[in-house]
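One structure below.
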Amino acid sequence: MIKGEIDFSDLKNKKIESDVAIVVNFGGWGNVPMHLAADLKPTVDGIRYYLESRGLRTMVLIYRRARPDVRDQISFESQVAVITELLGLHQTRARRFAAEVETVAAANLQTKFILIGLSNGGGFVDNTMALLSPKLRKQIVGVTIGVPFWRGVCEDSSILHIANNSGTDPLASGEVEELLASLITGFFNLVWQRIKGKELRFQEVWHIQGHNYEWQSIKPVVSEFLDWRLFNNNRN
């Protein structure tokens, strides 16, 4: 039996004792610790508190696309694999994740699953949802936030797409000049910090102004979607 917040890939054949499992996919490399994910943790907490206020038992599961080694470093091979998948060149990790999700869902038919992802993680969730069997649409839903503009989205009623943050997110809208400026600034920041002997995480280096989605601003649309999909799932 499992409770609390754990790594999704550690589930294997364990039984879930929750009504809803929130499976989190972070942006960047997808391996930031939950307590450091200031861009997504408030939303995950908000969803959890909302569902519990409706009388549901919840748990949080973390899916890590690129696992760090014992030195907390991501291998070059993993970096290349994540970036090339982000660019749409393959779906290796999404297919692997979809297979894991289907296995876990089949072993826990009483549990609903919410796959939630921000930025790169949102695109990953979208790809995963497209790969899932249609028969799981009543058990598994997706919430994607701030997906990069070059990625297509899966048009399906089981997925909520939150994009462009009231028109201020250059990554979602494709404001190339702003993105290029952020990229250049981040690169020089990375070099300078490494000269000083400090290793920075992906999200610390490339912070894009307007790419933040506050829970209070998206709570109404997320709550409405979850009410519909989790409490009125007899509808299409």
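The values are calculated or read from the model by the stated rules, or taken from the named source; none is laboratory data. Predicted model, so just to flag it, every value in this text is computed and none were measured. Positions of Cβ are backbone-derived with ideal geometry, glycine not excepted, and every protein chain shown enters the neighbour counts.
Only one of Ala81, Ala105 is at pLDDT below 95, within 16 Å of Gln139 (Cβ to Cβ) and either among the small types (Gly, Ala, Ser) or in a helix (DSSP H, G or I) (or both); which? Outline the logic, then answer.
Working: Ala81 fails: within 16 Å of Gln139 (Cβ to Cβ).
The unique qualifying residue is Ala105.
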Leu87: passes all of (1) modelled with pLDDT of 80 or more; (2) touching a Phe, Trp or Tyr at 6+ places or on another chain (Cβ under 9 Å); (3) exposed (fewer than 13 other Cβ atoms within 10 Å of the Cβ) but (1)
Could you list, in sequence order, the residues of region 130-163 that are crowded, with 17+ Cβ neighbours inside 10 Å and of a type in the set (Lys, Arg)? Arg137, Arg151
Region 116-131, residues that are small (Gly, Ala, Ser), touching a Pro at 6+ places or on another chain (Cβ under 9 Å) and touching a residue at least 40 places away in the same chain (Cβ under 8 Å): Ser119, Gly122
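Of everything in region 116-128 that's assigned to a helix (DSSP H, G or I) and touching a strand residue (DSSP E or B) at 6+ places or on another chain (Cβ under 9 Å), which residue is surrounded by the fewest Cβ atoms within 10 Å (Cβ to Cβ)?
Taking region 116-128 and keeping what is assigned to a helix (DSSP H, G or I), we get 120-128.
In the following step, the residues that additionally are touching a strand residue (DSSP E or B) at 6+ places or on another chain (Cβ under 9 Å) were identified as 120-126, 128.
On the way: Asn120: 25, Gly121: 27, Gly122: 31, Gly123: 25, Phe124: 29, Val125: 28, Asp126: 22, Thr128: 27.
Per the stated criteria, the residue is Asp126.
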Would you mind stating whether Phe113 is touching a helix residue (DSSP H, G or I) at 6+ places or on another chain (Cβ under 8 Å), buried (at least 20 other Cβ atoms within 10 Å of the Cβ), of a type outside the set (Gly, Ala, Ser) and assigned to a helix (DSSP H, G or I)? no
Pair list, Cβ under 8 Å, 6 or more apart: region 132-151 residue more than 15 Å from Leu115 (Cα to Cα), other residue hydroxyl-bearing (Ser, Thr, Tyr) and in a helix (DSSP H, G or I): Phe149/Ser173
Whichever residue in region 45-78 is crowded, with 18+ Cβ neighbours inside 10 Å and part of a helix (DSSP H, G or I) and, among such residues, is modelled with the lowest pLDDT: Ser78
Are any of the residues in region 15-34 modelled with pLDDT of 70 or more, under 15 Å from the mean Cα position of the chain (by Cα) and surrounded by fewer than 16 Cβ atoms within 10 Å (Cβ to Cβ)? yes
